[in-house]
Amino acid sequence: MTPAPAPGPASLEPIPDGSVTAARGFTAAAAHAGLKADGAVDVALLVSTTSCATAGVFTKNAVRAAPVVYDADLLSERPGRIRAVAMNARVANACTGPEGLAAARTVAQAAEQAAALPPRTALVLSTGVIGVPLPVAQIAAALREAATRLTPLGGVEAARAIMTTDTRPKHCAVRLETAAGIVTVGGIAKGAGMIHPDMATLLAVLTTDAVAEPAALQPLLRRVADRSFNAISVDGDTSTNDTALLLANGASGVDPARDGAVWKLFEAAVLHVARTLALAIVADGEGASKLVEIHVVGAVSEAAAREVGRAIARSALVKTAVYGADPNWGRILAAAGAAGVALATDRITLQAAANGEWLTLAEGGATAHPDPEQARAIFQQKNIRLRIDLGLGRAEAMVWTCDLTPDYVRINADYTS
C-alpha cells in the first residue's frame, strides 16, 4: 500500500532519506531507556545550534497530556527561544496529574542540561500508554547518552525512537531553491492508531533553516495542519498527546517572508513534508491493508468539504466495506449525510477509481447502476480514490483514511498487556 505523492511546486527537490535533521543547524540522536522491551531505541533528542522561532498545534481533546500542557505554556512564553525537543515512546504521561506535569518539566530540564542549553529552551513529546507514570530517571539517562552522539544524520533514528505500533519510521525532507538561496524543510512523525483529525492526532516535528518569526509561523502551521494532519483518520479517536511543532532556526539566512511569492513556495514546502508524513501515517494505520483518498468537491466552503470527508473517513461501516471490497456506496452517502453539513441530496454525485477511469456509483443521490464487477474490482485495490461532488459550490478538500481490519481489533485488544 503506497501513499499518493504529496503535492508540491516543481522547485522542490526531495532529499533521499531526508528527515528532521536535513535542515542546516539541526542534530539528533536516539537511545534506549528500557521503555521498549525489545531493546529498541525509545528516546530521542533533537537540538538546534541556534534559537528557533517555533509554532505548535495541539490536541483538542479536553484530556490533555502533561507534555501538551507544558509545551503550550512554554511556547506562549518563549516562541522564539526554543533549542531542543526531547521525545519518548511507550509512556504517554497522560492522566498522570500534577506529578505528570512535574515529570514533563524534569525531562525538559534533563534535555537542557544534557545538551548544555539555557533553561526553558526544550520542549517534550511523549507517546504510549495513558495513565502510566513517566520513568523520569530512565529517560534522563537516555537523554544524556543521546546528547553525546548528536549528529546531522540522526533524524531517521529519532523517527524510529518514537514509533509505538508503527511498522516503519516516518520521515521526509525537501530543498526549496530561491533567488536568495536554498531553504530546507524536514520532518519526522509517528502515528498508526488513535488517529482522527482534531488537530494532529499524532506526534510530528518539522524543522527548517529558513529565517522566520513565530507570529508568521503559527498561522502557517495551522493552515498546513488543516490540509495534512487534520485530513487523515484511522479510527476516529483523538489522542490526548497530539502535537505538531515547526522549528525555524534561520541557519540558511533566507527569509521567505521578504517576498510574497517565496513565502507561498515556502508554505508549499512545509505542506509537502507534512502531507507526506500524514499519508505515511494513514497508510500505516493499525492493521490497515488499503489507503482511501476522499476528494470532496462542489462544497460551499473548504470547511464544509472537510467535514463531509471526515465523516466518511471515520465511518466504521465505510471502512469495513472497503476492507471487504464491497462497493456499498449507500454507506458513503449515509456517512456524508451525517456530517452536520447542509446538503442537497438530489445534487450529489459519487465516483470511485483505482488505477483507471472514474466509475459513477451514484448520481442525483441515487444509484447510477454501475457495473457490479467493475465496482468490486476498484474496491479490491490497495489504493482507492473516492470523489463526491456536493453540487453546491466551488470549494473542495482532501481527506485520507484506511480500511478497518480484524488486525486493528487484535492490536488494540491487548495494547497494554
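Looking at 39, 100, 80, which one is in a loop (DSSP other than H, G, I, E, B), touching a residue at least 12 places away in the same chain (Cβ under 8 Å) and of a type in the set (Gly, Ala, Ser)? It is 80.
Quick check on this structure: which one of 274, 316, 278 is assigned by TED's automatic domain parsing to the domain that holds residue 230, touching a Leu at 6+ places or on another chain (Cβ under 7 Å) and either among the hydrophobic types (A, V, I, L, M, F, W, C) or surrounded by 24 or more Cβ atoms within 10 Å (Cβ to Cβ) (or both)?
Numbers: 316 fails: assigned by TED's automatic domain parsing to the domain that holds residue 230; 278 fails: touching a Leu at 6+ places or on another chain (Cβ under 7 Å).
Within the list 274, 316, 278, the selection yields 274.
For the stretch 284-301, a tally of residues being surrounded by fewer than 24 Cβ atoms within 10 Å (Cβ to Cβ) and either small (Gly, Ala, Ser) or not in a strand (DSSP E or B) (or both) returns 6.
Taking the stretch 272-314 as the region of interest, how many residues are closer than 24 Å to residue 408 by Cβ and among the hydroxyl-bearing types (Ser, Thr, Tyr)? The number of residues fulfilling the criteria is 2. Could you say whether any residue in the stretch 103-110 is assigned by TED's automatic domain parsing to the domain that holds residue 157, crowded, with 20+ Cβ neighbours inside 10 Å, in a loop (DSSP other than H, G, I, E, B) and in contact with a helix residue (DSSP H, G or I) (Cβ under 6 Å, 6 or more places away or on another chain)? No, that holds for no residue.
If we scan the stretch 48-66, do we find a residue that is over 30 Å from residue 175 (Cα atoms), outside any loop (DSSP other than H, G, I, E, B), in contact with a helix residue (DSSP H, G or I) (Cβ under 9 Å, 6 or more places away or on another chain) and in the same structural domain as residue 171 (by TED's automatic domain parsing)?
Looking through the stretch 48-66, at least one residue is over 30 Å from residue 175 (Cα atoms), outside any loop (DSSP other than H, G, I, E, B), in contact with a helix residue (DSSP H, G or I) (Cβ under 9 Å, 6 or more places away or on another chain) and in the same structural domain as residue 171 (by TED's automatic domain parsing).
Every listed requirement among (1) farther than 29 Å from residue 219 by Cβ; (2) surrounded by fewer than 23 Cβ atoms within 10 Å (Cβ to Cβ) is met by residue 119 save one, (1).
Is one or more of the residues making up the stretch 260-273 of a type in the set (A, V, I, L, M) and free of Cβ contacts under 8 Å to residues at least 60 places away in the same chain? So far as the stretch 260-273 goes, yes, one or more of its residues are of a type in the set (A, V, I, L, M) and free of Cβ contacts under 8 Å to residues at least 60 places away in the same chain.
Determine whether the stretch 67-76 contains at least one residue that is at pLDDT 95 or above, surrounded by fewer than 24 Cβ atoms within 10 Å (Cβ to Cβ) and in contact with a Gly (Cβ under 6 Å, 6 or more places away or on another chain). Taking every residue of the stretch 67-76 in turn, at least one turns out to be at pLDDT 95 or above, surrounded by fewer than 24 Cβ atoms within 10 Å (Cβ to Cβ) and in contact with a Gly (Cβ under 6 Å, 6 or more places away or on another chain). Can you confirm whether residue 308 is more than 26 Å from residue 373 (Cα to Cα) and not in a loop (DSSP other than H, G, I, E, B)? Yes.
Tell me, which strands (runs of 3 or more DSSP E) wholly within the stretch 116-226 include 2 or more residues that are more than 16 Å from the chain's Cα centre (by Cα)? In the stretch 116-226, the matching strands (runs of 3 or more DSSP E) lie at 122-126, 170-178, 181-190.
Suppose the filter is over 30 Å from residue 183 (Cα atoms), crowded, with 24+ Cβ neighbours inside 10 Å and either in contact with a His (Cβ under 8 Å, 6 or more places away or on another chain) or of a type outside the set (Lys, Arg) (or both); does residue 309 pass it? Yes, satisfied.
Looking only at the stretch 236-275, residues that are touching a Ser or Thr at 6+ places or on another chain (Cβ under 9 Å) and on the phi > 0 side of the Ramachandran plot come to 2 in all. Of all residues in the stretch 111-141, how many are in contact (Cβ under 8 Å) with a residue 40 or more places away in the chain, touching a helix residue (DSSP H, G or I) at 6+ places or on another chain (Cβ under 9 Å) and among the small types (Gly, Ala, Ser)? Number satisfying all stated conditions: 6.
The values are calculated or read from the model by the stated rules, or taken from the named source; none is laboratory data. Everything numeric here is computed off the predicted structure, so don't read it as measured data. All Cβ positions, even for glycine, are placed from backbone atoms using ideal geometry, and neighbour counts span all protein chains on display.
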